[in-house]
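Asks: To start, I am sharing the structure in question, which I have written as structure tokens.
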């Protein structure tokens with residue numbers, strides 16, 4: 001067995017991280033190629049951010065300059081994606097940055113990052129499912145279908161018990177539990193449908209753009225107009241100001257929510273074919289595709305209607321109707337939004353199940369979460385993820401916690417960038433399918449950019465994040481540290497029997513996942 005440190009560091013040796021995949025009784029089948037990984041990323045990236053968040057941030061924080069906010073968020077995410085690409089191609093395991101931190105920094109830091117990922121994903125599923133419920137009723141209304149009172153009362157974004165949102169989460173949870181192959185096919189069909197809807201918005205909406213709506217492009221600062229002061233504003237003596245240059249950066253911090261998705265590809269690395277190449281390619285390609293779509297759609301959205309009128313439950317379809325677009329186009333957009341938001345929740349549940357699976361396999365959470373069901377899916381982890389997200393979706397205050405998942409994501413971004421520097425020094429001979437250029441310059445810039453956006457989030461978001469992390473540390477010292485497979489020096493299970501030789505030139509099952517030669 002690899003030499004496992006027992007001291008404070010408790011770092012997971014990279015060869016042992018890979019052995020836990022190649023020798024595990026419960027391991028995930030490789031079903032995702034590069035194309036399906038791109039679909040996976042676009043499935044979660046094109047959703048709540050463009051169909052809901054863009055309108056809110058334009059109306060309350062950035063004005064038409066929300067287009068610049070999207071570009072800023074894209075650059076920050078691209079810098080982070082470079083680090084994710086290197087680490088995913090080095091350690092293609094289900095835990096994403098959780099496993100990266102385990103190898104680079106040690107068990108305690110791995111737990112902290114994993115706990116932040118749990119927060120990010122469960123809040124994302126709950127928030128987006130409530131936005132889905134609002135678009136669901138908007139779609140029915142667009143087709144003049146009578147909406148029962150119960151449905152109307154329980155499908156609002158920030159009001160009423162979210163029974164409709166919770167029902168969506170449960171249905172998608174059951175789909176995830178059936179297995180990756182079925183989920184991938186469904187996801188590919190839905191993503192194709194929503195991309196058609198996005199292109200339609202851009203094509204139809206461009207004909208109704210009023211250039212007057214772009215002026216002023218950067219509205220004057222409105223003191224105290226923001227919902228609450230950001231950390232940076234507090235440091236500079238402000239109190240919840242909106243618009244102006246700082247409003248652009250504040251909006252960019254929230255809009256990172258729109259780009260969450262490329263990082264979730266890393267959680268599916270263990271499901272991927274040839275992950276050392278497919279993961280980096282899919283990450284970078286998906287960010288490029290989505291950035292073009294976001295900037296184009298954002299430009300159309302703020303051109304359709306005065307920015308102050310965009311803070312509605314369904315801003316895209318509402319803006320098209322207000323601009324005089326044919327009624328059918330708004331209906332198609334609502335249907336596309338439903339598809340888009342559905343894939344967001346679906347992919348988030350896939351990612352959440354993989355994180356819980358990895359933490360359970362390492363013993364930091366109950367081992368039952370590492371069970372792989374009949375559908376070759378971590379069914380128990382998916383069940384737990386779905387139940388928690390559905391319960392959170394019932395709470396009307398959930399949508400106000402959206403910035404929590406952004407902060408959790410930015411926290412993981414920073415760890416990933418520092419992890420690249422650390423592993424380049426401590427493990428320079430590891431096989432890497434992708435290498436970040438200009439190390440340590442690029443990772444350092446990534447950390448600084450991530451920190452800047454984090455400081456543009458509200459102070460109460462930082463407070464709630466700190467409470468969550470303290471609760472996580474209590475759980476780690478009460479349970480995870482004592483049950484850790486690494487801390488207990490558990491031997492990996494015996495290697496599976498050698499498979500029968502296949503046709504000349506073929507590779508034995510699982511050969512691509514061993515990760516070392």
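The values are calculated or read from the model by the stated rules, or taken from the named source; none is laboratory data. Remember, predicted model here, so these are calculated numbers, not experimental data. Every residue, glycine as well, gets a Cβ built from its backbone with ideal geometry; the counts of neighbours run over all protein chains shown.
Table: residues versus (1) at negative phi; (2) buried (at least 24 other Cβ atoms within 10 Å of the Cβ); (3) at pLDDT below 85.
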{"site": "70", "(1), (2), (3)": "yes, yes, no"}
{"site": "75", "(1), (2), (3)": "yes, no, no"}
{"site": "80", "(1), (2), (3)": "yes, yes, no"}
{"site": "91", "(1), (2), (3)": "yes, yes, yes"}
{"site": "103", "(1), (2), (3)": "yes, yes, no"}
{"site": "117", "(1), (2), (3)": "yes, yes, no"}
{"site": "121", "(1), (2), (3)": "yes, yes, no"}
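Asks: Taking the residues in region 385-397 that are more than 15 Å from the chain's Cα centre (by Cα) and buried (at least 22 other Cβ atoms within 10 Å of the Cβ) as candidates, determine which candidate is farthest from residue 251 (Cα to Cα).
Replies: Kept after step one, since they are more than 15 Å from the chain's Cα centre (by Cα), are these residues of region 385-397: 386-388, 390-397.
Checking which are buried (at least 22 other Cβ atoms within 10 Å of the Cβ) leaves us with 386, 390, 392-393.
Numbers: 386: 29, 390: 28, 392: 25, 393: 24 Å.
Applying the filter and picking the extreme gives 386.
Asks: Also, quick follow-up: Can you tell me which residues in region 253-277 are assigned to a helix (DSSP H, G or I) and either more than 16 Å from the chain's Cα centre (by Cα) or on the phi > 0 side of the Ramachandran plot (or both)?
Replies: Scanning region 253-277 gives 270, 271, 275, 276, 277.
Asks: What's the total number of residues in region 410-431 that are touching a helix residue (DSSP H, G or I) at 6+ places or on another chain (Cβ under 6 Å) and under 19 Å from residue 262 (Cα atoms)?
Replies: Of the residues in region 410-431, 10 are touching a helix residue (DSSP H, G or I) at 6+ places or on another chain (Cβ under 6 Å) and under 19 Å from residue 262 (Cα atoms).
Asks: What about residue 125, is it under 30 Å from residue 163 (Cα atoms) and either assigned to a helix (DSSP H, G or I) or in contact with a strand residue (DSSP E or B) (Cβ under 7 Å, 6 or more places away or on another chain) (or both)?
Replies: Yes: the conditions hold for residue 125.
Asks: Still on this model: In this structure, does residue 264 turn out to be within 28 Å of residue 215 (Cβ to Cβ) and either in contact (Cβ under 8 Å) with a residue 24 or more places away in the chain or out of contact with any helix residue (DSSP H, G or I) (no Cβ under 6 Å at 6 or more places or on another chain) (or both)?
Replies: When the stated conditions are applied, residue 264 does not pass them.
Asks: Condition check: at pLDDT 90 or above, surrounded by fewer than 22 Cβ atoms within 10 Å (Cβ to Cβ) and more than 26 Å from residue 85 (Cβ to Cβ). Does residue 313 satisfy that?
Replies: no
Asks: Among the residues of region 1-43, which ones are modelled with pLDDT under 75 and closer than 17 Å to residue 190 by Cα? Step through it out loud before you land on a result.
Replies: Within region 1-43, the subset modelled with pLDDT under 75 is 1-9, 17-32, 43.
If the condition is that a residue be modelled with pLDDT under 75 and closer than 17 Å to residue 190 by Cα, then 32, 43 are the ones that fit.
Asks: Conditions first: (1) assigned to a helix (DSSP H, G or I); (2) at pLDDT below 80. Residue 156 passes all but one, so which condition is the exception?
Replies: The failed condition is (1).
Asks: Something else: If the requirement is being touching a residue at least 24 places away in the same chain (Cβ under 8 Å) and more than 21 Å from the chain's Cα centre (by Cα), which of these qualifies: 430, 451, 438, 407?
Replies: Being touching a residue at least 24 places away in the same chain (Cβ under 8 Å) and more than 21 Å from the chain's Cα centre (by Cα) holds for just one of 430, 451, 438, 407, which is 430.
Asks: Could you list, in sequence order, the residues of region 446-491 that are surrounded by 16 or more Cβ atoms within 10 Å (Cβ to Cβ), farther than 27 Å from residue 399 by Cβ and at pLDDT below 90?
Replies: 485, 486, 487, listed by residue number.
Asks: Still on this structure, please answer the following. Any idea which of (1) crowded, with 17+ Cβ neighbours inside 10 Å; (2) part of a loop (DSSP other than H, G, I, E, B); (3) at pLDDT below 80 is the one residue 219 doesn't satisfy?
Replies: (3)
Asks: Examine region 127-140 for a residue that is under 30 Å from residue 447 (Cβ atoms), crowded, with 21+ Cβ neighbours inside 10 Å and either in contact (Cβ under 8 Å) with a residue 60 or more places away in the chain or over 16 Å from the mean Cα position of the chain (by Cα) (or both), and state whether such a residue exists.
Replies: Yes: one or more hits.
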